[in-house]
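The values are calculated or read from the model by the stated rules, or taken from the named source; none is laboratory data. Keep in mind the model is a prediction, meaning the values are calculated, not measured. Methodologically, a virtual Cβ is constructed for each residue, glycine included, from the backbone with ideal geometry; neighbour enumeration extends over all protein chains shown. Remember, those area values only see protein heavy atoms, side chains included, never the ligands or the DNA or RNA. Shrake-Rupley method; radii C 1.70, N 1.55, O 1.52, S 1.80 Å.
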There are 2 protein chains.
Amino acid sequence: MDEILDVIIIGAGSAGLAALREVQKRTRNFVIINDGSWGTVCARVGCMPSKTLIEAANAFHRRKTFDEFGIRGGEHLTLDIAAALRRVRGLRDGFVASTLKATERLGERAISGRARLLGVGRIEVNGRELHARSIIIAAGSRPVVPALSRAGSWRTLSKQVLTTDTLFEQEALPSHMAVLGLGPIGIEMAQALSRLGINMIVFSESTTIAGLTDPLVNAVALELLGHEFPLHLGKKADLDIIESGVQVCTGTEKVVVGSVLAALGRQPNIDDLGLETLGIELNEQGLPPVDPHTMQVGDLPVFMAGDADGQTPLLHEAADDGHIAGINAMRATPFCFARRVPLTIVFSDPGIATVGSRLQSLDPKNILTGEVRFEHQSRARAAQRNKGILRLYGEPGSGRLLGAEMCTPAAEHMAHLLALAIERSLTVRDMLRLPFYHPVLEEGLRTALRDLAAQLPATDESDLAGCEPFNAEALE
Amino acid sequence: MDEILDVIIIGAGSAGLAALREVQKRTRNFVIINDGSWGTVCARVGCMPSKTLIEAANAFHRRKTFDEFGIRGGEHLTLDIAAALRRVRGLRDGFVASTLKATERLGERAISGRARLLGVGRIEVNGRELHARSIIIAAGSRPVVPALSRAGSWRTLSKQVLTTDTLFEQEALPSHMAVLGLGPIGIEMAQALSRLGINMIVFSESTTIAGLTDPLVNAVALELLGHEFPLHLGKKADLDIIESGVQVCTGTEKVVVGSVLAALGRQPNIDDLGLETLGIELNEQGLPPVDPHTMQVGDLPVFMAGDADGQTPLLHEAADDGHIAGINAMRATPFCFARRVPLTIVFSDPGIATVGSRLQSLDPKNILTGEVRFEHQSRARAAQRNKGILRLYGEPGSGRLLGAEMCTPAAEHMAHLLALAIERSLTVRDMLRLPFYHPVLEEGLRTALRDLAAQLPATDESDLAGCEPFNAEALE
């Protein structure tokens, strides 16, 4: 190819495919280059297989509620972990196939190979040099792998030290496992594997988990997880491969497990990508400055999208990144996009979520907080799900909702409702104008809203938002 | 009592207690009169016991997903229905107790007895006449009971023809039961009893169920319920008490069951209440005109609240009614309250809900519809909950959301999110500005929003609301 392409997209993950969708609307003069397997991280090794495994784990775990419900025989249930993992892979294959459709008809415009930047507008792949007016870098990320105390060959360790890249490929799992890290993946997989019947132990250098910054919510989340498996927090865990598995040491603790799942976060795939050839200063992580509203790298015709930009590695953010990059790569002057309200969800049980501003980012002297605990919430009690806490942060005076952190039943649903409230700059009173059906878990949210509203100046008596609680458990 | 009271509240159910809360803030010169057991319908025989039974039924029903999840032994689970009902009563007792707290310290101001109006401002109870400046009628409702083909004594039939007043009091239940009626209670209890292992058969005179008016949603709901138990729709069922139980005949069908649950709706408790003494015209049901924004009866110092007013018998509406009546009973000129967005939820699985305007109330030529079916929704598939349909109705041009009807997983949560959107007069595009986390069931809602948005005029390219689907199952 001697001609100059309009766009080269590096990476065909979620961000790359979102960019492709927009680029394709505007030109046929592009290529998309992908290194390794086609199909997105989300579908192959991320969101979808993890949620599929979690559903099986939670279904099995619910047997602990059976006796109280009047269901007999729960103690005889067993879990066939090989079958559970086979189901994960079966569904996963379908999900991956669905993501391949986007590129399978591109013919020569879809290139398998490892791209390397040679400079602005220049790429080398499979020994060829390609030129383009714009380049979109959506090279994705990969799991951080832990250092080992003693050197070992990574190839021989594939069964001993797992990541999400390899976990779902296992035919079976050992009876004892450790998880390193209590970010979203660490929490989700530690709880799921524990609920599937594996003896889990968890190590985390951090004492705050899942991105929570509210100490009360963090404490509840830790307490609830700590009832399911031992947590060792605040210490670095060193790994040693030994005859019988992996030894994990923290100085005070030493345990041997069959394998370890490393859930230490994800790092952008930028090694050997040639970012230094762009002639723009890179930060300590080797990343160039990227404007999150345009996805543009400095003022170059280069865009970064998805996990590769080193920002929040979340599917919906990656999809937005790609959308923005795909549109702006074809424009002389990039559009500046308003981003969505921040939202993170950990699919644990109870779920953990943050919406809008986290507590840490707010001035503690200039916010009001509203709180609910779910121990006595009526619907949660009926469902044997009455655990957790939800905390709201609002602006004094106006009562405008600024953010929330929670570890609650139905957290994923509460979080979307609150995201809409925060996106629309709604106040606590606006939210109290909502009908809250009875009995729903959202009535717990209403309790927190009322707790916050009670700290605001009194308002119009003729507004139903002023309806107060009955203070009767059956009715909240 | 010779003095004139400020307020007499007739009925200490949810509406009466809400009124009491507001009256108590303004005066101590009131009485509240309750006929029969104290404690609300919701707590005693309504929302709470039904939801508690449903949770047990759904937990037991999930065993049918176990094999696919890799969980073995589900076929050996059994349900101890006596234990399930005992749990219902145990929790119910606590819920009832929580509602009693509101009146237990009132002393002489809480009167047990049957109140009868003698005219505006005059009540008779237990042979005494009471006078008050305002009267709040919150006398509640009771289940409609079916006529029997042959006369029988209701007292001897208490085991054969049940209502929600008696269902939860049963120590055991027969192996075969029929439900009459497919309103919310009929659907919820038919499905719950079926899932608890009882052979159910259901009769409904209406062919539309659960208040649905969208034929597509109604059809999906009927199809899904019809997979669980036989439905006989569109015919009146006659009951006959026979030796072995109850015979149910529709002309074409004749079945004998151990007992029948009558779920034919609720009727206001207005018999012998003396409404005719108010000197205001009553309608065919014997009800006076009530302004839903003030709860005032005509221009009299009389207010009606809760199920007694013959409008939607829903807890959250009853609570609002009582709140409004309690405030206005103490005012010279009543406040006019804006009511909340209409919201109905049936706690079936999938759930059935309507929000805002139902399809029937909209001009079919002047709306756009958006639709999603959940068969291929990724999270629903992972959870083995991939059944159902959600339909949205929007205003052409603006895309303002007007209403929704649905039979979907997580319907109760989707319904609250949509209620907020409709309450705030949001458009489809406003909703598409929301972050939709991945993978969540709300992404199904997003598919319906996008379906509707695609029928609107194109807008600003630089708005993330314009993000389009990947058309990859793993990502929607």
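Odds and ends about this structure:
- Other-copy label distances relative to A:Arg86, 7 angstrom Cα-Cβ extension, nm: 4.0
- For the peptides A:37-50, A:261-274, B:4-17, residues were scored by their other Cβ atoms within 10 Å and the scores averaged per peptide; the highest-first order is B:4-17, A:37-50, A:261-274.
- Peptide A:11-21 is shielded by partner chain Cβ atoms: per residue, an average of 2 of them sit within 10 Å of its Cβ.
- Percent accessible area from carbon and sulfur atoms, the protein assembly as shown, protein chains only, probe 1.4 Å: 48
- Closest approach to the B/A rotation axis among chain B Cβ atoms, residue and whole-Å value: B:His413, 2
- Using a cutoff of 8 angstrom between alpha carbon atoms and counting only pairs six or more residues apart, the relative contact order for chain A works out to 15 percent.
- Built amide H within the under 5 Å cut-off of A:Leu402, gap 5+: A:Tyr393, A:Gly394, A:Glu395
- Exam field: B:Gly234 pseudo-label spacings to other copies (7 Å along Cα-Cβ), nanometres: 7.0
- Set of lysines with alpha-carbon distance to B:Lys64 below 30 Å, sequence-local pairs under 8 removed: A:Lys51, A:Lys64, A:Lys387, B:Lys51, B:Lys387
- Residue mean of other protein chain beta carbons inside 10 Å, A:78-90: 3
- Relative to the globular-protein estimate of 2.2 N^0.38 Å, the Cα radius of gyration of segment A:1-153 stands at 1.48.
- Per residue of peptide A:453-462, the mean number of Cβ atoms on other chains within 10 Å of the residue Cβ is 2.
- Legend: Rg and Dmax of segment A:192-312, from Cα coordinates, 19.7, 54 Å.
- Shape parameters for the protein assembly as shown, alpha-carbon atoms, Rg then Dmax in Å: 30.4, 104
- Counted charge near A:Gly127, where neighbours are those whose Cβ lies closer than 13 Å (Asp, Glu -1; Lys, Arg +1): +1
- Per the accessible-area calculation with a 1.4 Å probe, the total area buried between chain B and chain A rounds to 9000 Å².
- Å² per residue, accessible surface of the protein assembly as shown at 1.4 Å: 37
- For chain A, fraction of C-alpha pairs farther apart than 38 Å, in %: 34
- Annotation: amide H-H contacts under 5 Å for A:Ile201 (H modelled 1.01 Å from N, sequence separation of 5 or more, or interchain): A:Met177, A:Ala178, A:Val179.
- Chain B: DSSP helices with Cα axial extent of at least 18 Å and average Kyte-Doolittle hydropathy no lower than 0.0: B:47-61, B:81-104
- With label points defined 7 Å past Cα in the direction of Cβ, position A:Glu253 shows copy-to-copy spacings of 5.9 nm, given to one decimal and shortest first.
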